[in-house]
Amino acid sequence: MKNSTLQVNSLRFGAYEFDLRAGELRKHGMRIKLQEQPCQILAILLEHRGEMVTREELQSRLWPRNTFVDFDHSLNTAVMRLREALSDSSENPRFIETLPRRGYRFVAPVEEKSAPLIESHPPQTARLGASPTANPNENPALSLASPEFPATAAKKSDRVLRPRLFSLTIFLIVIVLAASFGFRYLPRPSVAVAPQGRMTSLVVLPFENLSADKDQAYFADGMTDELIAHLAKIRSLRVISRTSSMEYKGTHKALSQIARDLNVDSVVEGTVLRSGDRVRITAELVQVATDRHLWAETYESQLGDILTLQSHVASAIVNEIRVKLTPEDQVRLATTRPVSTQSYENYLKGRYYWNKRSQEGLTKAIDYFQLAIEKDPNYALAYAGLADCYSIIGSAIVGTVPASGVAPQARAAALKSLELDDTLAEAHTSLATVRFNYDWDWNAAASGFRRAVELNPSYATAYQRNSLYLMSMGRTSESIAEMNRAHDLDPLSISMNFSLGWRLYMAREYDQAIEQLRNTIDMDPAFVLPHLVLGQAYEQKKAYDQAIAELRRATELSLGSPPVLAALARTLAVSGRITEARNLLEQLQLSKRQYVSPFYVAIVYAGLGENERALDWLEKAYADHSNAIVFLKVDPQLDTLRSYPRFHELQRKLRLPE
């Protein structure tokens, strides 16, 4: 039975210690930055150490019931962040073991550290992440964990304690004065400092949902997204991306700390209160260097006029920051187009599912974008979203719909979006993607991506798509540089992380690709695409057992999608397992369940060494207008075909540079 005079106040494992009272993680006594959700997950796993904690239990404890959130992605990202803080690995876990699709378990030995309770005051349980309230009557020496004041210090006589307390008090006063002087007068290079009276960088923190209906959390997030997008159009203003901003949702960190983390000189925070068809936005602008609240306003209107509200808020922020606006910037900020309540909500949900980059997610996103257009036929952003869905669902990496079936719809939606609003970076990106994926009009694609970046320098998707164009042209270094820019703007996006890994694979940087793709899988183990390309990267390194294991996992997750089956068949072929490869090839060629691009058949024949037949199927892919063929110049799977005149003829017909 534990000593009733002791209370467990921290848990030690390896070089780490978790302070239960303060909700802080330390390594060798040094505090490690850990955001709220990873911190909560660690506390829950430690509470049930040695036992499995299910994903459902974590969901119920971390997110309120019926919250509109991508739970799988959010949980996977939080666990990934926790593993980063602990220098842990999902493949060889020292602390946190993953039980696939079920949950997690804390597996390391844990040592409890206790401190004496003060009998005159009952123990209080501190909330996770909050510091316990100081008791003015409590002897401060009793709560200090240092060699000078051990847990048994309470038993020492006043004769021994008083001199030490006096010395400690003097020491603390000196430290506080020195820190105060340093904070006020010494430079702090970790925070971006603009010239006096001028700010050049900001972060829009997630707006807090004050609505009674917690299911409206997605609406507050959407408001944050829209304000970020609005401000990001200003060329002279550096605006932190949405994903980085969302890392601070619910953390209630000090603004000065957030500014140091993100290297910005100003912070926007606010709340959203929705009641019926009316919405109230309260926003506040803080200059970090001076800790001055420069501006605060409350706006209220009908939900259908929400874009006008966003424009008012953005204009007020710009006026206070005093950035230099070009005439074009001024026009974009002043221009507003009303949108109906239901259209706006359906658009937000469409983007939510579009970000999943899966067949199921894209299908749902198309439904929501179409609903948004039905309610508001002049909603340009919804048309851009619809075009993006059709472009991706017919692309090589998804490969479940023939190009001929979706290209006309993608093109029509993108053109309609531009017709309605030619200042939208999203619209220019959507049309440029159609020009690249389906029209093979390289100059028009490049021009469209450049225009998108001009209109919105913080739109990560424009850089991401432009990197695809550069890769197809064989400009691999430029492609990776452009993809890194996209990744820097949206560092926690699964799509951006996967895309960076795929670009590295195409550039034949296999070791870097493997590392990046593993990181992406840590973010979401159920995401098919990184398993697929990771298997392909292992194949190029002739690590066939690892390649086959990854591709079998991808096959299971994708329910046997054609790109995955083809990659597995090819790897089986090059590893010498010919019979298995031919069985899968026959399954692909005879499939009546779903569309199979001729390109996928071609790469299997190339793996079998039947190069003439592989070229036959590549020519069919060209005739079929398969998007996969645009990477003819760089795809490692086609290396055995490059010496054939027919291959060079295909490259010439595609107008790809030699």
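The values are calculated or read from the model by the stated rules, or taken from the named source; none is laboratory data. A quick note: this is a predicted structure, and the numbers were derived from the prediction, not measured. Because the Cβ atoms are built from the backbone with ideal geometry, glycine has one as well, and the counts that use them run over all protein chains shown.
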- Total residues in the range 565-599, condition modelled with pLDDT of 95 or more and hydroxyl-bearing (S, T, Y): 3
- Note on the structure: How many residues of the range 348-392 are assigned to a helix (DSSP H, G or I), buried (at least 24 other Cβ atoms within 10 Å of the Cβ) and in contact (Cβ under 8 Å) with a residue 40 or more places away in the chain? The answer is 7
- Query: Here is a list of conditions, (1) surrounded by fewer than 24 Cβ atoms within 10 Å (Cβ to Cβ); (2) within 16 Å of F369 (Cβ to Cβ); (3) in contact (Cβ under 8 Å) with a residue 60 or more places away in the chain, and L415 meets all of them except one; can you say which number that is?
  - Reply: (3)
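How about the range 94-105: which of its residues are more than 22 Å from the chain's Cα centre (by Cα), surrounded by fewer than 14 Cβ atoms within 10 Å (Cβ to Cβ) and either part of a loop (DSSP other than H, G, I, E, B) or not aliphatic (A, V, I, L, M) (or both)?
R102
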- So how many residues does the range 633-658 have that are part of a helix (DSSP H, G or I) and not charged (D, E, K, R)? 10
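Conditions (1) of a type in the set (D, E); (2) surrounded by fewer than 20 Cβ atoms within 10 Å (Cβ to Cβ); (3) over 26 Å from L262 (Cβ atoms), marked per residue:
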position	(1), (2), (3)
R451	no, yes, yes
Q464	no, no, no
N497	no, no, no
D524	yes, no, no
- For the range 506-522, which residues satisfy the criterion of being crowded, with 20+ Cβ neighbours inside 10 Å and touching a Phe, Trp or Tyr at 6+ places or on another chain (Cβ under 9 Å)? M506, A513, I514, Q516, L517, T520, I521
- Query: Taking the condition aliphatic (A, V, I, L, M), outside any helix (DSSP H, G or I) and within 36 Å of the chain's Cα centre (by Cα), does V630 pass?
  - Reply: no
- Among the residues of the range 605-627, count how many are at pLDDT 95 or above and not in a helix (DSSP H, G or I). 2
- Item | Residue among R518, R465, R450 that is more than 19 Å from E550 (Cβ to Cβ), outside the structural domain of Q35 (by TED's automatic domain parsing) and touching a residue at least 24 places away in the same chain (Cβ under 8 Å) | R465
- Query: Are there any pairs with C-beta distances below 6 angstrom linking a residue in the range 201-228 that is more than 14 Å from V267 (Cβ to Cβ) and small (G, A, S) to a residue that is modelled with pLDDT of 70 or more and assigned to a helix (DSSP H, G or I), with the two at least 6 apart or on different chains, and if so which?
  - Reply: G222/L348
- Message: Can you find a residue that is surrounded by fewer than 23 Cβ atoms within 10 Å (Cβ to Cβ), among the acidic types (D, E), part of a helix (DSSP H, G or I) and within 17 Å of the chain's Cα centre (by Cα) anywhere in the range 474-489?
- Response: yes
- Message: Looking at the range 444-459 only, could you name the residues that are out of contact with any His (no Cβ under 8 Å at 6 or more places or on another chain), part of a helix (DSSP H, G or I) and among the small types (G, A, S)?
- Response: A444, A445, A446, S447
- Message: Can you confirm whether E91 is surrounded by fewer than 17 Cβ atoms within 10 Å (Cβ to Cβ), among the charged types (D, E, K, R) and modelled with pLDDT of 90 or more?
- Response: no
- Does any residue in the range 17-32 that is in the same structural domain as L82 (by TED's automatic domain parsing) come within less than 9 Å, Cβ to Cβ, of a residue that is among the aromatic types (F, W, Y) six or more places away or on a different chain, and which pairs are these? E24/F18; L25/Y16; L25/F18; R26/Y16; R26/F18; K27/Y16; H28/Y16; I32/Y16
- Item | Every residue from the range 430-449 that is farther than 19 Å from R475 by Cβ and crowded, with 24+ Cβ neighbours inside 10 Å | S430, L431, V434
- The residue from L262, L237, L285, L307 that alone is of a type outside the set (S, T, N, Q) and either modelled with pLDDT under 75 or in the same structural domain as K33 (by TED's automatic domain parsing) (or both) is L307
